[in-house]
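Everything below concerns the one structure shown next.
The values are calculated or read from the model by the stated rules, or taken from the named source; none is laboratory data. Since the structure is predicted, the reported quantities are computational estimates derived from the model, not experimental observations. Here the Cβ positions follow ideal geometry from the backbone for every residue, glycine too, while neighbour counts run over all protein chains shown.
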Amino acid sequence: MAIVLVHSPEYLEHDEPSHPENAGRLRAIIESFRSSGAWDEAEHLAPQPLAPERLSSVHDPAYIERVRELAAQGPRYLDPDTYLTPASYRVARLAAGGVVQAMEAVLDGAFQGALALVRPPGHHATRDRGMGFCLFNNVAIAARLALEEQRLDRVLIVDWDVHHGNGTQEAFYHDGRVLYFSTHQYPLYPGTGSIRETGAGSGAGCIVNVPLPAGAGDAGYGRVFEEILWPIAHRFRPQLVLVSAGFDGHWADPLATMRLTVRGFARLAALVHEVAQAWCPGRLVLALEGGYHPRALAYSVLACFRVWQGQKPEEVEDPLGPPPGGERPADDPAIEATIAAVRREHGLA
């Protein structure tokens, strides 16, 4: 499988070293790819900043201009969690451009899969507000442009970040052309993502939230993807799959309390690849979102690359191993109840 890495050294310029979302995250990923040899095994694509008029496919032009103006004024915070530096406006446009170019590359047939190693992340950014470390909603923009510029009819977004992607949900809540599937710890920031949030109007039923209890791990996530994502993707039949890939569900991550492992993320990547192969072969893009333990993040992203190359999830390198104290079993009552409730809500029972 020809896989392209979309990356730029400019992504390192949006940086606040004391903040969880800092440039060291991307440095760790790149080092893991270089030291393992994966860097030389991949194709590479250098992105260009996305033009403001294309950002406005998802964001209010006044908000885009506000980010530009505030960034130009020097280091500051957009909200209590989300920082700006003088480089941030260009870097955030470059992040959106990276995911859009990854989308265009797989739709053109140039590659059979793309990993967009972008930052800052995007799935919390709403039409007129940056939040949760996010400035522009990279994946939502790529999905919207795939619909409007590439003339697709159906796009699947799989969001396995440990935090719910409220901005992505908002962007497509009334748009039945996008199926948004999210697994997330609940309750947790930003507080959205209940089972009953399912879309409205033409988008009714196209928002699929799977709010999981703390401690859910590899087995529970595997069941969710097999018992909910598979049948609902079969019903939707996507023409493109975009993954908002946050790795903050790893057991070592400091910002959440889930129990996934590196091999657990490898399995999710394999399952998403199987979904894409079933309905839109080669049209698969993974875009980086969260993940704040550098080693866990780096090995997890590398594991996704390896399984897309054909390696089995259980064979990928996982130096961090299983979570101390274990995880919730796959048949844990809280996980069972969540799966059953989501299946009922979406007519899968």
In region 261-305, residues that are within 21 Å of GLU41 (Cα to Cα), touching a Lys or Arg at 6+ places or on another chain (Cβ under 8 Å) and not in a helix (DSSP H, G or I) total 1
Of the conditions (1) free of Cβ contacts under 8 Å to residues at least 60 places away in the same chain; (2) surrounded by fewer than 24 Cβ atoms within 10 Å (Cβ to Cβ), the single one that TYR83 does not satisfy is (1)
Filter region 1-17 down to residues that are closer than 12 Å to ALA95 by Cα, touching a strand residue (DSSP E or B) at 6+ places or on another chain (Cβ under 8 Å) and not aliphatic (A, V, I, L, M), then give me how many there are. 1
Counting only residues that are among the hydrophobic types (A, V, I, L, M, F, W, C), assigned to a loop (DSSP other than H, G, I, E, B) and touching a Ser or Thr at 6+ places or on another chain (Cβ under 8 Å), which one in region 128-151 is nearest to GLU65 (Cα to Cα)? LEU135
Just to check your reading of the model, which residue among VAL342, VAL307, VAL316, VAL301 is under 23 Å from the mean Cα position of the chain (by Cα), surrounded by 19 or more Cβ atoms within 10 Å (Cβ to Cβ) and closer than 17 Å to ARG223 by Cα? VAL342
Go through region 192-217 residue by residue and tally those that are of a type in the set (A, V, I, L, M, F, W, C) and either more than 18 Å from the chain's Cα centre (by Cα) or in a loop (DSSP other than H, G, I, E, B) (or both). 6
Which condition does GLY282 not pass, out of (1) surrounded by 24 or more Cβ atoms within 10 Å (Cβ to Cβ); (2) in contact (Cβ under 8 Å) with a residue 60 or more places away in the chain, if it passes all the others? (1)
Testing ALA349 on (1) at pLDDT 95 or above; (2) surrounded by fewer than 22 Cβ atoms within 10 Å (Cβ to Cβ), one condition comes back false. Which one is that? (1)
Exactly one of ALA296, ALA287 is over 30 Å from ASP108 (Cβ atoms), touching a strand residue (DSSP E or B) at 6+ places or on another chain (Cβ under 9 Å) and surrounded by 23 or more Cβ atoms within 10 Å (Cβ to Cβ), and that residue is ALA296
When you go through (1) surrounded by fewer than 17 Cβ atoms within 10 Å (Cβ to Cβ); (2) more than 21 Å from ASN166 (Cβ to Cβ); (3) under 21 Å from the mean Cα position of the chain (by Cα) one by one for LEU115, which number turns out not to apply? (1)
If you take the residues in region 147-181 that are in contact (Cβ under 8 Å) with a residue 40 or more places away in the chain and of a type in the set (Gly, Ala, Ser), which one is farthest from TRP251 (Cα to Cα)? ALA171
When you check ALA28 against the structure, is it touching a helix residue (DSSP H, G or I) at 6+ places or on another chain (Cβ under 8 Å) and either under 23 Å from TYR292 (Cβ atoms) or part of a loop (DSSP other than H, G, I, E, B) (or both), yes or no? yes
